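Colleague: Below: one structure in structure tokens.
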């Protein structure tokens, strides 16, 4: 039993907890617009797609002798152009993700402390999130498991209240709305992406004297589990709310008992906080390993840039989620596929360890097309 926890449950929960974040709170609004069936299709589809992408990225790390992060691997496998263009995705994209978490944090902190002004709520979240970035890997994994358990309990509580009090509201939502069929694309992609947690997950295995090759099943489980949690969460919100807001929260205020609002506030805060930590840690390590930033400077970037982006006007939650999902994560997905093709070819010749033996070329082409279509659609519309 101890082996199952240390080798499967703890690392899988780290990835799942990283994935379950800000994007989840955009889903009820989008499911309501596009249809429940449409939303569930996207969750299943991207659960499979991103499980493959996460495995590919883990495989790149395992096959590469150097200790790098995303831009560093792009330099090795895609050359100078890949390196410099990856900075936009890995660094700016991740800092933008942290900004999204800051934008959303007051919505949940104010459910617990309604009198707190927005800027103070952001400041509280920002300070605690940044300090936790400096936790050790084992502390992150264990705390991630505890946070994951808390999230699951709270989401099932919300689901129970929603099912009892609003089954008619859930059944009133259409199964498919083809006029909004592409609406959830970017947000679901954003909400299911956990690339930044992969190095920490592999580091957990190494720190405990185990081969990172054993991470295959934790990555698969951790990538797919959030889709199940999201469906339960969406049903709960649809049943509880008379007005489905973009952040899943505003439409609940004034319509629910204070206890349920507190529960939702705790859920939102801890899920945002847990993901903020892992993404911030990944940015910090990337700056240190890929750009040779001193420890103090890398910490300062993670500390100050997200709050500065918020101050200068990056404050639209849904627009940033859709842009980050369709454009930035779409580009990252393409780069990971191209890097994996290069890494797998070279590593096979050297006989190094590997997580994935082979992926059929049709699957590779299909994955590339998914991300390309998403990027083109977002640029056009």
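The numbers here are math on the coordinates, done by the rules we state, and not lab data. Keep in mind that this is a model prediction, so the values were computed, not measured. Every residue, glycine among them, receives a Cβ derived from its backbone with ideal geometry; neighbour counts consider all protein chains shown.
Colleague: So for each of 269-275, 358-364, 125-131 I average, over its residues, the number of other beta carbons within 10 Å; can you give me the resulting order with the highest mean first?
Modeller: With the highest mean Cβ count within 10 Å placed first, the list reads 269-275, 125-131, 358-364.
Colleague: Between the range 25-83 and the range 211-282, how many Å separate their Cα centres?
Modeller: Distance between centres, Cα-based: 19 Å.
Colleague: Restricting to DSSP H runs of at least four residues, report the calculated mean residue ellipticity at 222 nm for the chain, -39500 (n - 2.57) per run over all residues, nearest 500 deg cm²/dmol.
Modeller: -24500 deg cm²/dmol
Colleague: Continuing with the same structure: Before anything else, pin down the relative contact order of the chain: Cα pairs under 8 Å, at least 6 apart, normalised by residue count, whole percent.
Modeller: So the answer I get is 38 percent.
Colleague: Further question on the same structure: Taking every pair of alpha-carbon atoms in the chain, give the share separated by more than 33 Å as a whole percent.
Modeller: 26 percent
Colleague: Sticking with this structure for a sec: Which peptide among 60-72, 170-182 comes first, and what is the full order, when sorted by highest mean count of other Cβ atoms within 10 Å?
Modeller: 60-72, 170-182
Colleague: What angle do you read, to the nearest 10 degrees and between 0 and 90, between the alpha-carbon axis of helix 330-350 and the longest principal axis of the chain?
Modeller: The two axes meet at around 30 degrees.
Colleague: In degrees from 0 to 90, rounded to the nearest 10, what is the angle of the helix 137-172 Cα long axis to the longest principal axis of the chain?
Modeller: Here the helix axis deviates by roughly 40 degrees.
Colleague: Compute the long axis of helix 361-380 from its Cα atoms, compare it with the longest principal axis of the Cα atoms of the chain, and write down the angle in degrees, 0 to 90, nearest 10.
Modeller: 50 degrees
Colleague: Sticking with this one: State, to one decimal in nm², a quarter of the convex hull surface area for the C-alpha atoms of the range 3-90, i.e. the direction-averaged projected area.
Modeller: 8.0 nm²
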